[in-house]
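Below is one structure, written out as structure tokens; the observations come after it.
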Amino acid sequence: MGMIVRGQSRCHLCDRIMGLFQRVTGFPAILGSDHPLHHFSDAIMHKACFDAHPDAQRMRGLYDRWLRVVDGRPRDLKSLEEIHAWEREAFGKLYAEEGFAVHPTS
Ligand SMILES: [Zn+2]
């Protein structure tokens, strides 16, 4: 997720500065570049701007599904090969349905 410097960073949606006392939201880089909501991936924005966006509900749903997969990650994976095998399997369904990029935790 992009870094927020309040008073300097600009909102992804309205391009205005995000002030010290404004609520903000954002998402990590979870969507592939060909996904229609890719512009929300690795973006930060005013919460009010996001909430008013017509795709806000769909993006929240995608992010919630992504989080559920990440939260279900086995804690006993030891090697990179084991981790990558789990990622391919766990994110395979989401990827097939939604075009998710597989950038789960690293
Ligand atoms: Zn904004």
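Counting Lys and Arg as +1 and Asp and Glu as -1, what is the net charge of the other residues whose Cβ lies under 15 Å from the Cβ of GLN22? Let's see the in-between values first.
Values: positive: ARG6, ARG10, ARG16, ARG23, LYS47; negative: ASP15, ASP51.
That sum, taken over residues with Cβ under 15 Å, equals +3.
Count the net charge of all other residues whose Cβ sits under 12 Å from the Cβ of HIS46, scoring Lys and Arg as +1 and Asp and Glu as -1.
Working: positive: ARG6, ARG10, ARG16, ARG23, LYS47; negative: ASP15, ASP51.
With Lys, Arg at +1 and Asp, Glu at -1, the neighbours total +3.
Which of SER79, SER33, SER41 moves most in a GNM of the chain, Cα contacts under 10 Å?
SER79
As an exercise, take the mean of 1/r over every pair of distinct alpha carbons in the chain, invert it, and state the Kirkwood radius in angstroms.
14.9
Please state the charge dipole magnitude for the chain, taken about the Cα centre, from unit charges on C-beta atoms (+1 on K and R, -1 on D and E), reported in debye and rounded to the nearest 20.
Numbers: 14 positive and 14 negative charges, 100 e Å.
So the magnitude is around 480 debye.
Coordinate-derived values only; no laboratory data. Keep in mind the model is a prediction, meaning the values are calculated, not measured. Quick reminder, even Gly has a Cβ in these numbers, built from the backbone with ideal geometry, and neighbours come from all protein chains shown.
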